[in-house]
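Colleague: Okay, handing you the structure first.
Quick note: the coordinates plus some simple rules give every number you see, no bench work behind them. Since the structure is predicted, the reported quantities are computational estimates derived from the model, not experimental observations.
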Amino acid sequence: MSVLLSRLCVSVRPVRALYGLRNSGTGAYRGYNTNPAFRSLTYLQRGLQYRSVSSNETENRGNLCHNSRLYTTSQTVDPLEMRKFQAWVLKWWDEEGIFSVLHALNDIRVPFIRDILMSRNYEHDVGCPLSGVKLLDVGCGGGLLCEPLGRLGASVTGIDPLEDNIKIAALHKSFDPVLEKHVQYKSCTVEELVDGHLGYFDAVVASEVLEHVADVESFIQSCFHVLKPGGSLFITTINKTKLSYALAIVVAEKIMGIAPEGTHDWEKFIPPEELERLLESNGYVVEALRGMLYNPFSGSWRWISDNSVNYALHAVKTVAQEQPTDVGGEGEQEQQKVAEASV
Ligand SMILES: C[S@@+](CC[C@H](N)C(=O)[O-])C[C@H]1O[C@@H](n2cnc3c(N)ncnc32)[C@H](O)[C@@H]1O
């Protein structure tokens, strides 16, 4: 079957190009390549060489291939996933490349996050709707989502276990001076961030990350710890249905080549009902759940009522129920001061 499919393999990107179609949609929240040099592989590779890795750092981290391929090890990190993303590290900002679907997803996920946060009564400046919001983007990759959220005024911390992703994100950010004050990056996992950031963030985003994580429950528990009581968790991910297997794996990976083969493992997809149960038993209240649909011919996403393939979820950390660790006490206030200084 897969041989037959690979023989039939037609990339949708050349088809779109043939008709002069770029990804459709407003594009207002897509990344822009301020410096054309950013598209050059040599330029990016040179950027990645400017690493300063101490020998201690090398010893303390998982090591893929050789010293220049480092990732943070932890309970939620699957080394196989790191190996995949390491291979694609230079592709993040190619809007027509393997991450084009994520670039396009900004058209709906950025307004989703923005509108919910604005409705939660944060004080904001006109024209800078997310000013004052401390936001953590977990599994930020090359920073595709951090940048537009930073431009909306949020104070964004993007983290990813893969160090080269963070290098690329930081390099791309450096081309837009507006982002200097708004976006910062760190190579780590969310569980590593907990110590020192208890109850620190107003919002945590994990977009298209859950389906790559090794232990979903500890992942959402760590997100809980770094959120303020009443803070928002935003997740976008893929449902575990026959249809999601057909569309996200067979059609997208094997037939149309929208994503490289092996990008997704169906076993790791999570049904929204299961995710809701997991969130609610870990102190969150789920406030919104919406289906999303990608049209490979127009290269655009839209909201739909059906969530059998892709979906977005918004959950809130309950104010009353706290986890057994030092969340919410004097220790938390002390940690917030430390975090302000260190993030
Ligand atoms: C499909 S990409 C999504 C990137 C980004 N969130 C976006 O939507 O543009 C998945 C990202 O999750 C990261 N990742 C994988 N396992 C992770 C984990 N346990 N904790 C945090 N990030 C992880 C990968 O390194 C990769 O950058």
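Colleague: Residues with amide H under 5 Å of Phe201's amide H, sequence separation 5 or more or different chain, H placed in the peptide plane at 1.01 Å from N; which?
Modeller: Leu227, Lys228
Colleague: With the cut-off at 32 Å, tell me which of the pairs Lys134/Lys167; Lys186/Lys228; Lys268/Lys317; Lys181/Lys268; Lys91/Lys240 have Cα atoms farther apart than that. Don't skip to the end; give the middle numbers.
Modeller: Details: Lys134/Lys167 22 Å; Lys186/Lys228 20 Å; Lys268/Lys317 24 Å; Lys181/Lys268 36 Å; Lys91/Lys240 27 Å.
In this structure, Lys181/Lys268 exceed 32 Å between Cα atoms.
Colleague: Relative contact order (percent) for the range 68-187, with alpha-carbon contacts under 8 angstrom and 6 or more residues of separation?
Modeller: Numbers: 179 pairs, mean separation 30.8, N = 120.
That works out to 26 percent.
Colleague: How fast does the range 89-140 diffuse by Stokes-Einstein, in µm²/s, taking the Kirkwood radius from C-alpha pairs at 25 °C and 0.890 mPa s?
Modeller: Working: Rh = 12.9 Å.
Using the Kirkwood radius from Cα pairs, D works out to 190 µm²/s.
Colleague: Direction-averaged shadow area of the convex hull around the Cα atoms of the range 139-291, nm²?
Modeller: One quarter of the hull surface, i.e. the mean projection, equals 9.7 nm².
Colleague: Gain in length, Arg277 to Asp265, computed as 0.36 nm per residue apart minus the alpha-carbon separation, to one decimal in nm?
Modeller: Working: separation 12, 0.36 × 12 = 4.32 nm, distance 2.18 nm.
Answer, rounded to one decimal: 2.1 nm.
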